[in-house]
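Enquirer: Take a look at this one; I'll ask things after.
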Amino acid sequence: EAGVAQSPRYKIIEKRQSVAFWCNPISGHATLYWYQQILGQGPKLLIQFQNNGVVDDSQLPKDRFSAERLKGVDSTLKIQPAKLEDSAVYLCASSLGAAGADTQYFGPGTRLTVL
Amino acid sequence: QKEVEQDPGPLSVPEGAIVSLNCTYSNSAFQYFMWYRQYSRKGPELLMYTYSSGNKEDGRFTAQVDKSSKYISLFIRDSQPSDSATYLCAMDTNAGKSTFGDGTTLTVKP
């Protein structure tokens, strides 16, 4: 079974530029998550999708971050404009459902450096 | 104050040692308690999860949950160099929204 795929793996941009990350979840997984992991910290949930609808985006900085999940499969996360404090690893995860017992499978992440 | 606090480490132990990793939490609504392992430059992978209080064992790993004290632990027996990684505790109220600790980095020396 293929895992969660993410691209690019690394990205370096200047502040105020825009950037987009892509995630392809495990086939058949209805729930998709984007997390932000700052160095030395645990992952922080940015947004949770159930199929192509948003379940929770309470911690997404909506003035600069946006995310979509077209057709309930792939997802993109965009930052525009980027700030220095956005430097982090952006992790995508997927699970069969949205219950606490549903295992979340993580991708390798995209490491973003904002200069 | 964070909802989930994790002993920061880092921990360095000799091969074969017993390792204890711990987290405390403040949200009494948490029902699911997970431990993830994260190798450098990789995403977290689920090691174990426990529902409510009690112990759960899987090979060399034992997870303990004490809801009355809001305290969870992961024990690793006969630790191996391949166990060297960052261990993250995470908790869920059953909404699929996990709250993570900041991780403890473990090094097992041969």
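Enquirer: Charges only on Cβ, +1 for Lys and Arg, -1 for Asp and Glu: so what's the dipole of chain B about the Cα centre, in debye to the nearest 20? Each step should come with its number before you reach the end.
Expert: On the way: 11 positive and 12 negative charges, 29 e Å.
With only Lys, Arg, Asp and Glu charged at Cβ, the dipole is about 140 debye.
Enquirer: Something else about it: Given Cα pairs under 8 Å that are at least 6 residues apart, what percent is the relative contact order of the stretch A:23-96? Kindly include the intermediate steps, with their values, before the conclusion.
Expert: On the way: 142 pairs, mean separation 30.5, N = 74.
Relative contact order, the stretch A:23-96: 41 percent.
Enquirer: Further question on the same structure: Say each of A:Ala20 and A:Lys83 gets a label point 7 Å from the Cα, pointing the same way as Cα to Cβ; how far apart are those two points in nm?
Expert: Taking the two extended label points, one gets 2.4 nm.
Enquirer: So how far, in whole Å, is the C-alpha centre of the stretch A:1-61 from the one of the stretch B:22-89?
Expert: 23
Enquirer: So what are the ³J(HN,Hα) numbers for the stretch B:78-86, from phi and the Karplus equation (6.51, -1.76, 1.60; θ = phi - 60°), rounded to whole Hz, Gly and Pro as x?
Expert: With the stated coefficients, the stretch B:78-86 comes to 6, 4, 10, x, 5, 7, 4, 4, 9 Hz.
Enquirer: Could you identify which residue out of B:Asn55, B:Asn22, B:Asn94 has the top mean-square fluctuation in a GNM of chain B using Cα springs shorter than 10 Å?
Expert: So, out of B:Asn55, B:Asn22, B:Asn94, the one fluctuating most is B:Asn94.
Enquirer: Moving to a separate point now. How long is the gain from A:Lys44 to A:Leu96 if the chain were fully straight, where each residue apart is worth 0.36 nm and the alpha carbon distance is subtracted?
Expert: Values: separation 52, 0.36 × 52 = 18.72 nm, distance 2.01 nm.
Full extension from A:Lys44 to A:Leu96 adds 16.7 nm.
Enquirer: Defining a contact as two alpha carbons under 8 Å apart and six or more residues distant in sequence, what relative contact order in percent does chain B show?
Expert: Numbers: 273 pairs, mean separation 41.0, N = 110.
Worked out over chain B, it gives 37 percent.
Enquirer: On to the next question. Can you run phi through the Karplus equation (6.51, -1.76, 1.60; θ = phi - 60°) for the stretch B:100-106 and list ³J(HN,Hα) in whole Hz, with x for Gly and Pro?
Expert: Listing the rounded values in order: 9, x, 8, x, 10, 8, 10 Hz.
Enquirer: If you don't mind, another one. For chain A, with a Gaussian network of springs between Cα atoms less than 10 Å apart, report the residue from A:Leu39, A:Leu96, A:Leu60 with the top mean-square fluctuation.
Expert: A:Leu39
Enquirer: Express as a percent, rounded to the nearest 5, the fraction of DSSP beta bridges in the protein assembly as shown (both residues included) that run antiparallel.
Expert: Numbers: 72 of 80 bridges.
So the antiparallel bridges amount to about 90 percent of the total.
Enquirer: Using 0.36 nm per residue of separation minus the Cα-Cα distance, give me the extension gain between B:Ala17 and B:Thr107 in nm, one decimal.
Expert: The span from B:Ala17 to B:Thr107 would gain 31.3 nm if fully extended.
Enquirer: Moving to a separate point now. Mean-square fluctuation check for chain A, GNM, Cα pairs under 10 Å: which of A:Phe49, A:Phe21, A:Phe65 is largest?
Expert: Largest GNM mean-square fluctuation: A:Phe65.
Enquirer: Select from A:Ser18, B:Thr105, B:Tyr25 the residue farthest towards the positive end of the dipole of the protein assembly as shown; place +1 on Cβ of Lys and Arg, -1 on Cβ of Asp and Glu, and compute about the Cα centre.
Expert: A:Ser18
Enquirer: Moving on. Tell me, what is the percent relative contact order of the stretch A:72-115, built from C-alpha pairs under 8 Å that lie six or more residues apart?
Expert: Numbers: 46 pairs, mean separation 19.2, N = 44.
Relative contact order of the stretch A:72-115: 44 percent.
Enquirer: Cut-off is 10 Å between beta-carbons; in what order do A:Glu68, A:Glu85 appear when sorted fewest neighbours first? The partial results should precede the final answer.
Expert: Working: A:Glu68 13, A:Glu85 10.
Ranked by crowding around the Cβ, least crowded first: A:Glu85, A:Glu68.
Enquirer: Hey, which lysines would be in cross-link range of A:Lys78, C-alpha to C-alpha under 16 Å, not counting anything within fewer than 8 residues on its own chain?
Expert: Within reach: A:Lys11, A:Lys15, A:Lys62.
No lab work stands behind these numbers, since they all come straight from the coordinates. Remember, predicted model here, so these are calculated numbers, not experimental data. Please note: Cβ atoms are built from the backbone with ideal geometry, for glycine as well, and neighbour counts cover all protein chains shown.
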